[in-house]
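Here is the structure we will look at, set down as structure tokens.
Values quoted throughout were computed directly from the atomic coordinates according to the rules given, and no laboratory measurement underlies them. Everything quoted here is computed from the prediction, not taken from an experiment. Cβ coordinates were reconstructed from backbone atoms using ideal geometry, including for glycine residues, and neighbour counts include every protein chain displayed.
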Amino acid sequence: IDRANLVIEKIPQMTQFTNGTAQDKSDLNRMLGEAKFLRGFYYAELVRLFGDVPMKLKATEATDQLQLPRTDRYQVYTQAIKDMTEAIDLVPWASKKVNDERISKGVVKGILARVALTAGGYSLRQNGQTQRPDNYKDYYAIALKQTKEVMESGEHVLNASYEQIFRNHCKFVLEPKESMFEVALYNTTGGAANSGWVGTWNAPVADAGNPYGRANSFCEGTARFRAKY
């Protein structure tokens, strides 16, 4: 989130953003859209997991107070939806990308719809009760609009064979119509420095000396799951 904040702040300050070539402006707007989408996505995931969380919308500086109070979850959802909505026009449809693994318009719309559905649903509160907002239908309207536009775009369609999805995955066959959004850690050179090692490591390398703690993502299975193989 902090890195996304930094990108969102600094790109509009760049000379190329306002006075660059058409390509400069297109590239920078795409990066800005990606950062806005990611900030919204990360905050929506935090709310989904923890409920009310601190919300910080500026890049951290050395003098900042880092012990922030919680922000009401619906303020966070409002910001996440705003970020994603602004990102829609800044990123291309999947068919317009040059076979890269970056965020597409369909991704933004699809995840925005999922976030809106979650925001409109029930969630556990501090009083131990599950509640949903009075205006839950407004969130459902967002989800309906975005999913309808994705379906009508022709950009994405489900693979008719569920089995084939996994066969394609094992053969490294890209399937951008079926798979709209995934964390890409595959390294075509075979190098391990920035790859995901499924079953052992599954995250970009983190600095072990990080003052905020090391956060490697280990994929662990249960004994019962292992025994099935």
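Structure values in brief
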quantity: Those residues of the range 1-28 whose amide nitrogen sits under 20 Å from the label point placed on Lys56, 7 Å along Cα→Cβ; calculated: 1-11
quantity: Computed over the range 42-117, Cα set: Rg, Dmax in Å; calculated: 14.9, 44
quantity: The range 13-72: trypsin sites (Lys or Arg not before Pro) falling in loop per DSSP and having at most 11 other Cβ within 10 Å; calculated: Lys58
quantity: Tensor-based shape of the range 1-137 (alpha-carbon gyration tensor, a/c under 1.5 rounded, otherwise prolate or oblate); calculated: oblate
quantity: Three-way shape call for the range 98-153 based on the alpha-carbon gyration tensor, with the a/c threshold at 1.5; calculated: oblate
